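To keep things clear, I will list the structure first and then write my remarks on it.
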Amino acid sequence: MHVIHDIGPVWNTESRILFLGTMPSPASRLAGFYYMHPRNRFWPVMEKIFSVTLPSVNEQRTFLLQNNIALWDVLCGCDIDGAQDSSILN
């Protein structure tokens with residue numbers, strides 16, 4: 001299935017760390033933010049490293065910006081089967 005995503009990058013002029021992904025998962029596209037599938041480890045790892053709890057997208061976005069972290073998935077569109085990067089074409 002051809003998928004286009006319009007989730008913009010999270011960044012500001014103070015960003016010093018950049019995490020790049022490929023294409024947001026179906027759960028992330030539905031939520032309109034990155035790493036939203038419950039089994040994705042990104043947010044649990046960030047919470048553990050920084051000793052914080054980030055229960056909402058708003059808090060996650062604020063956390064990233066306050067810690068000078070930028071986040072973006074680089075493909076604006078592709079053919080993909082579910083969330084499997086190995087299936088990405090076009």
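The values are calculated or read from the model by the stated rules, or taken from the named source; none is laboratory data. All of these numbers come straight from a predicted model, not from anything done at the bench. FYI the Cβ positions are ideal-geometry reconstructions off the backbone, even for glycines, and counts take in every protein chain you see.
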Please count how many residues of the range 27-36 are out of contact with any Ser or Thr (no Cβ under 7 Å at 6 or more places or on another chain) and surrounded by 15 or more Cβ atoms within 10 Å (Cβ to Cβ).
5
Can you find even one residue in the range 50-63 that is part of a helix (DSSP H, G or I), free of Cβ contacts under 8 Å to residues at least 60 places away in the same chain and under 26 Å from Asp79 (Cα atoms)?
no
Which one of Gly21, Gly8 is surrounded by 15 or more Cβ atoms within 10 Å (Cβ to Cβ), closer than 19 Å to Leu75 by Cα and out of contact with any helix residue (DSSP H, G or I) (no Cβ under 7 Å at 6 or more places or on another chain)?
Gly21
Is the range 78-88 home to any residue that is closer than 21 Å to Pro9 by Cβ, touching a Cys at 6+ places or on another chain (Cβ under 8 Å) and surrounded by 11 or more Cβ atoms within 10 Å (Cβ to Cβ)?
yes
Restricting the first residue to the range 1-26 and requiring it to be more than 25 Å from Asp81 (Cβ to Cβ), which pairs with a second residue that is in a strand (DSSP E or B) and of a type in the set (D, E, K, R) meet a Cβ separation below 8 Å and a spacing of at least six or different chains?
none
Any idea which of Met46, Met23, Met36 is within 19 Å of Asn90 (Cβ to Cβ) and of a type outside the set (Ser, Thr, Tyr)?
Met23
If you check Ile69 against the conditions, is it in contact with a strand residue (DSSP E or B) (Cβ under 8 Å, 6 or more places away or on another chain), at pLDDT 95 or above and surrounded by 12 or more Cβ atoms within 10 Å (Cβ to Cβ)?
yes
Would you confirm, using the coordinates I've provided, whether Arg39 is part of a helix (DSSP H, G or I) and either out of contact with any strand residue (DSSP E or B) (no Cβ under 9 Å at 6 or more places or on another chain) or surrounded by 13 or more Cβ atoms within 10 Å (Cβ to Cβ) (or both)?
no
